[in-house]
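Have a look at the structure below before the remarks.
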Amino acid sequence: MNIVRQERNGVPFYCCSSSDWSGAAHGFSTRLGGCSPMPWDSLNLGSSLGDDPARVDENFCRFCTALGTRVSAVVKNKQVHSCLIRRVGQDDAVRRPSDPAVFSADGLVTNEPGVCLTVFSGDCIPVLLYDPVARCIAAAHAGWRGTAGGIAARAVEAMAAYYGSRPENVLAAIGPGIGPCCFETHRDVPDAVRAQLGAQADPYITPLAQPGTFRVDLKALNAHWLRRAGVTPGHIACSDRCTACGLDEFWSHRIQGRERGSMAAMIQLI
């Protein structure tokens, strides 16, 4: 399976190309196709970065229309870089997509059709999951702390616990995020990953010439966690797009700080 760039109604996005995903509308946004001015130009989906809420609502309408998801059923979380997964439904939908989230979590799961799970990113790794057999979905925001703690695996486990999902049936899409080309870090990230994975983390950590600095492949680590959780390797699609390299198409928190907009990843059962 591959993650490919598509465009509908002037709004580009990335999604999994396999027809196996036909039962779940889904996609990863770019910064293009919206109505917001600088520094949020243009498809800003973040409500806490200073943009006009009316523009954020319009951007959500454009993105949801492009994906085929329901803007009236957006469920989002207050992301706190945890491994907390929350089961949600229609009652958790925000009144307006620009409204702030009211509960803390970094992963969402549901089996209710029409509920639009939404997570946000500006370098962190967005992960979307779909089980076409058990008919359930999940969305996870995997920053380096969530990646180290295995939030992608925790989401697979939640799908199994709540809805009887079998990991071998789960399809996974790992979206655009910062790549190992740009994610240079000190010992805190490798130490956190090794604390959970031991020597299994080593292939994803590259020491650099300056002592105490490393490059870490967060996307590959999330794929590793998914395989550990029982997801079939051939069911995992991973975007090769780096948000820090591609500022013409994405925002990067590491490069731009808070003078930027926010991307989102969405998934909804059809």
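The values are calculated or read from the model by the stated rules, or taken from the named source; none is laboratory data. The structure displayed is predicted, hence computed values, not measured ones. In this analysis, Cβ positions are derived from the backbone assuming ideal geometry, glycine residues included, and neighbour counts consider all displayed protein chains. Side chains are part of the model used for accessible areas, which takes the heavy atoms of the whole protein and leaves out ligands, DNA and RNA. Shrake-Rupley method; radii C 1.70, N 1.55, O 1.52, S 1.80 Å.
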- Give me the log10 of I(q) over I(0) for the chain at q = 0.12 Å⁻¹, as the Debye formula computes it from C-alpha points; what are the numbers? -0.65
- Query: If you roll a 1.4 Å probe over the range 151-270 with all protein chains in place, what percent of the accessible area is carbon or sulfur?
  - Reply: 50
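Kirkwood Rh and Cα-based Rg: tell me the resulting Rg over Rh for the range 55-160, rounded to two decimals. Could you put the intermediate results ahead of the total?
Working: Rg = 13.1 Å, Rh = 13.8 Å.
So for the range 55-160, dividing Rg by the Kirkwood Rh gives 0.95.
Report, in deg cm²/dmol and to the nearest 500, the calculated mean residue ellipticity at 222 nm for the chain, where each DSSP H run with n ≥ 4 adds -39500 (n - 2.57) and the sum is divided by the residue count. All intermediate terms of the calculation are to be shown ahead of the outcome.
Values: 6 runs with 59 residues, N = 270.
Helix-only estimate at 222 nm: -6500 deg cm²/dmol.
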- Query: Which number comes out as Rg/Rh for the range 22-75 once both Rg and the Kirkwood Rh are worked out on C-alpha atoms?
  - Reply: 0.98
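Just the number, please: carbon plus sulfur as a percent of the accessible area of the range 1-91, 1.4 Å probe, no ligands or DNA/RNA counted. Let's see the in-between values first.
Values: 1820 of 3900 Å².
Accessible surface attributable to carbon and sulfur in the range 1-91 totals 47 percent.
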- Query: Ranked highest first by average number of other Cβ atoms within 10 Å, how do 99-106, 154-161, 14-21 line up?
  - Reply: 154-161, 14-21, 99-106
